[in-house]
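The structure appears below as structure tokens.
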Amino acid sequence: MAGPMKMRATLASGYTDVRVLMSHPMETGQRKAPDGKMIPLHFIQNLTVKVNGKTVVEGQISQAVSRNPVFSFRIKGGAKGDKIEVSWLDNRGETNRTESAVA
Amino acid sequence: MNDRRREWLKAAGALGAVLVAGLLRPVAALAATWNKDAFAAKSAADALKSLGASDPAASSDIVIEAPQIAENGAVVPIEVTSKIAGTTSIAVLIEKNPFPLVGKFDFMEGALPFVKLNVKMGETSDVRVVATAGGRNYVATREIKVTIGGCGG
Amino acid sequence: MITKWMLGAGLAALVVSPLALAEPSDGEVQEIMKRDFRPKGQAKMDRLEQDAVQRVCTASNGKPPPALAKQLEADQMKTIAYPSGGSLIGNWKGGASTAWSGQGMQWHEDPKKPSGGGCYNCHEMSPARTSFGTIGPSLKGFGKTRGNGIETQRYVYGKIYNAKAYNLCSEMPRFGLTNSLTEQQIKDLVAYLLDPASPVNQ
Amino acid sequence: MRTTVRAVALGVALAAAPAAAQESQFAQYQKMVAEGSPVELFELVGEELWQKKQGPKNASLEQCDLGLGPGRVKGAHARLPRYFKDVDRVMDVETRLLHCMLTLQGRSREDALKRPFGNADNPSEMEYLSAYVAGQSRGYKMSPGMSHPQEKESYALGKKLFTVRTGLWDFSCASCHGEEGKRIRMSELPVLSKPEAARPLMATWPAYRVSNSTFKTMQWRLNNCFRQMRTPEPVFGSETINALNMYLTVTAKGATYSGPGTKR
């Protein structure tokens, strides 16, 4: 399942600070389950940050990003109420997105 | 949730058929690209080649903030800032990981060339950050030591 | 039952200050623990039964009256079963793996698998291993400074077998007495500490 | 753990001492890990579970009385463990949550305790709930119950339990947490009988634990200590566990709760 996401977008001096948390196992494909079977690769590959509908960051990542990924990005300027959206897509085609207004 | 996934897979399967017919490009390609060759590369040099960033020039304008020693390799926080004007992309590579490329981030429309993330490190290794600005590539390197401490190991 | 607690209770009265009158007695604490724990896997309830050493060290907070300590240490010394005849130095390579492993004797573990000594939890040993604890003294170069004569061998074997024979309230487990390590494993650990070829002595 | 962070904050004077220099090597790591922690995800799921109707009574936990009255969660964690009149005993946060599952939701003990401790692939309900409740006490001063006779008894028992030599390998809590400047492997061991060591620690449990890649509770922490002490298993919510928690929390009293934290 696509677990919860949490985002906080706040104004800092001259930029908007976006911190986003994603629930995801980020399996490396090299770990064994308690029953001895290998757990298959399962990881987020793409993430996108949008401000008021416009893409500002496109990220491609590997299974070496830690479980339950946490990212921070910075966007120049910004104003209270700007709509920030973050979405991800993993190697199984699962996706999730979250949205919040700059505080 | 499983149902949802099954549906997605079904949809993907259907899409696959359409794809074969050459009518549509895959959704992933439309929505996002993922540089398979670069991520599958087993050395940092090969990964950089696949990214089109071979032989980057050393730069002290790329700032890597990371702990000198990480107590646990499962979570190693890394913060990267490029002070090079016109930076459009930042790639993070862990030299000694089985697949060194951890991520590549493209910045546009006012996003600052900055990213903070947690990465997995199998052992003590150099971390390389490559920034692209104006079609040229720059690199900074920093070593992070990894100790897996704790009880009962 | 009464006799079982007598020693501990008597000592408690000696060493515990009057301020602590509200405290439960050592015997009461034992009863509470027995009620509040359950056997799991290889960890059975008998592991909560305090023997004289645990009782005295609990009651005196690790500082037993010297005369009593001496007497109990002598009792513990008698428990040490030395292998018959010859050198006590086994194979340092086997000792290395026992020293490195922190596994063994826990409720989730397979009792058939050999236990580790968890030595690095508390001691520095081989300079090759940078992750080591400091609860016990550093044993780096142990054999280099002490040689590996039969007396030293016997001391090291005995100390691993039953550390309480040498220092009653030592924090070191009694690996031999509790059947945590086998005779061969202890001999291998003796080699790990005393063999000039062992990494500990490099 | 956190003492090391403080040691650095206090500056060069401390770093001159060899022990402090030794300790400070992970301070930067621990600070950065805490800043980039996914712990809030667990608070989020915990809040959903808190509001979720379940059990034979199809009720949520929203009316659970954590000591400040039914439904009051803000600041409740910082006032636990404490004596509860309705059950005539001392309870820590997890024991009380269990009590609310049984009484409000009508669940059986077996059902509610099927899996008190989860894992990274499948965290437990108790872990999520503990994360939520703890997060609602961020910034509150820690003041566990210390006035009722049973609260005093619990503290006294916990203090005593801390030094009981037991288990196959003769350890007590104090074997590892009784002396200044000691380590198990590379892990620095706080002297938990001292307020200055207990405060930063208790102010950040429960916590996201990097080595488990998941959220862990205080009862898990104590359970895991006993596992490594090679004893049998302590019963969830037992007087023994509550007393140890009470002893550690009272020792840490006055600290500002800043968890749920992030640990090695």
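The values are calculated or read from the model by the stated rules, or taken from the named source; none is laboratory data. If you're wondering where the values come from, they're calculated on a predicted model, not measured in any experiment. Cβ sites come from the backbone with ideal geometry, for glycine too, and all protein chains shown count toward neighbours. These area figures cover heavy atoms from the full protein model, side chains too; ligands, DNA and RNA do not enter into them. Shrake-Rupley method; radii C 1.70, N 1.55, O 1.52, S 1.80 Å.
Inspection of the range A:55-73 finds a residue satisfying the criterion of being under 19 Å from B:PHE107 (Cβ atoms), without any contact (Cβ under 8 Å) to a residue 12 or more places away in the chain and touching a strand residue (DSSP E or B) at 6+ places or on another chain (Cβ under 9 Å).
How about the range C:174-187: which of its residues are crowded, with 22+ Cβ neighbours inside 10 Å and in a helix (DSSP H, G or I)? If the condition is that a residue be crowded, with 22+ Cβ neighbours inside 10 Å and in a helix (DSSP H, G or I), then C:GLN185, C:ILE186, C:LYS187 are the ones that fit. For the range A:37-88, a tally of residues being open to solvent by 10 Å² or more (accessible area, probe 1.4 Å), more than 14 Å from chain D (Cβ to nearest Cβ) and among the hydroxyl-bearing types (Ser, Thr, Tyr) returns 3. For the range C:143-173, which residues satisfy the criterion of being without any contact (Cβ under 8 Å) to a residue 60 or more places away in the chain and open to solvent by less than 20 Å² (accessible area, probe 1.4 Å)? Residues satisfying the conditions are C:GLY143, C:ILE160, C:ALA163, C:SER170, C:PRO173. The residue that is surrounded by the fewest Cβ atoms within 10 Å (Cβ to Cβ), counting only those in the range D:230-264 that are within 9 Å of another protein chain (Cβ to nearest Cβ) and assigned to a loop (DSSP other than H, G, I, E, B), is D:VAL235. When the range D:203-218 is filtered for residues that are open to solvent by less than 10 Å² (accessible area, probe 1.4 Å) and either over 16 Å from D:TYR132 (Cα atoms) or among the aromatic types (Phe, Trp, Tyr) (or both), the ones remaining, listed by number, are D:TYR208, D:VAL210, D:PHE215.
Considering the conditions (1) open to solvent by 60 Å² or more (accessible area, probe 1.4 Å); (2) at positive phi, C:LYS112 is excluded by exactly one of them, (2). Only one of the listed residues (C:THR3, C:THR58) is modelled with pLDDT under 95 and in a helix (DSSP H, G or I). That residue is C:THR3.
Scan the range B:112-127 for residues that are over 17 Å from the mean Cα position of the chain (by Cα) and crowded, with 24+ Cβ neighbours inside 10 Å and the total you get is 0.
Filtering D:GLY145, D:GLY118 for residues that are closer than 30 Å to A:PRO25 by Cβ and crowded, with 18+ Cβ neighbours inside 10 Å leaves a single hit, D:GLY118. With respect to the conditions (1) assigned to a loop (DSSP other than H, G, I, E, B); (2) among the hydrophobic types (A, V, I, L, M, F, W, C); (3) at the interface with another protein chain (Cβ under 7 Å from one of its Cβ atoms), B:ALA85 falls short on a single one, namely (3).
Please find, within the range B:55-82, the residue that is surrounded by the fewest Cβ atoms within 10 Å (Cβ to Cβ) out of those that are facing another protein chain (nearest Cβ under 7 Å), out of contact with any Phe, Trp or Tyr (no Cβ under 8 Å at 6 or more places or on another chain) and hydrophobic (A, V, I, L, M, F, W, C). This residue is B:ALA74. Just the residues that are of a type in the set (Gly, Ala, Ser) and within 12 Å of chain B (Cβ to nearest Cβ), please, taken from the range D:165-188. Result: D:SER187, single match. Scan the range C:94-109 and give yes if some residue there is out of contact with any Cys (no Cβ under 9 Å at 6 or more places or on another chain), closer than 30 Å to C:SER131 by Cα, facing another protein chain (nearest Cβ under 10 Å) and open to solvent by 50 Å² or more (accessible area, probe 1.4 Å), otherwise no. For the range C:94-109, residues out of contact with any Cys (no Cβ under 9 Å at 6 or more places or on another chain), closer than 30 Å to C:SER131 by Cα, facing another protein chain (nearest Cβ under 10 Å) and open to solvent by 50 Å² or more (accessible area, probe 1.4 Å): present.
The residues of the range C:30-50 that are more than 7 Å from every other protein chain (Cβ to nearest Cβ), among the charged types (D, E, K, R) and either part of a helix (DSSP H, G or I) or open to solvent by less than 60 Å² (accessible area, probe 1.4 Å) (or both), listed by number, are C:GLU31, C:LYS34, C:ARG35, C:ASP46. In the set (1) under 22 Å from D:ASN122 (Cα atoms); (2) not basic (Lys, Arg); (3) not in a strand (DSSP E or B), D:SER193 fails one condition alone, (1).
How many residues are more than 7 Å from chain A (Cβ to nearest Cβ) and touching a Pro at 6+ places or on another chain (Cβ under 8 Å) if we restrict to the range B:90-124? Summing the residues that are more than 7 Å from chain A (Cβ to nearest Cβ) and touching a Pro at 6+ places or on another chain (Cβ under 8 Å) in the range B:90-124 gives 3.
On inspection, D:ASN223 does not qualify as over 27 Å from C:GLY118 (Cβ atoms), open to solvent by less than 20 Å² (accessible area, probe 1.4 Å) and within 14 Å of chain C (Cβ to nearest Cβ). Within the range D:184-204, the set of residues being without any contact (Cβ under 8 Å) to a residue 60 or more places away in the chain, farther than 16 Å from D:LYS141 by Cβ and of a type outside the set (A, V, I, L, M) comprises D:ARG185, D:SER193, D:LYS194. Looking at the range D:150-176, which of the residues that are part of a loop (DSSP other than H, G, I, E, B) and among the polar types (S, T, N, Q) is most open to solvent (accessible area, probe 1.4 Å)? So the residue we want is D:THR163.
Of all residues assigned to the range C:111-121, at least one qualifies as being within 11 Å of chain D (Cβ to nearest Cβ) and touching a Cys at 6+ places or on another chain (Cβ under 9 Å). Filtered by the rule that a residue be assigned to a loop (DSSP other than H, G, I, E, B) and either of a type in the set (Asp, Glu) or buried (at least 17 other Cβ atoms within 10 Å of the Cβ) (or both), the range D:102-115 gives D:LEU104, D:GLN105, D:ARG107, D:LEU113. If we scan the range D:91-101, do we find a residue that is buried (at least 16 other Cβ atoms within 10 Å of the Cβ) and either over 19 Å from the mean Cα position of the chain (by Cα) or at pLDDT below 95 (or both)? The answer is yes; a qualifying residue exists.
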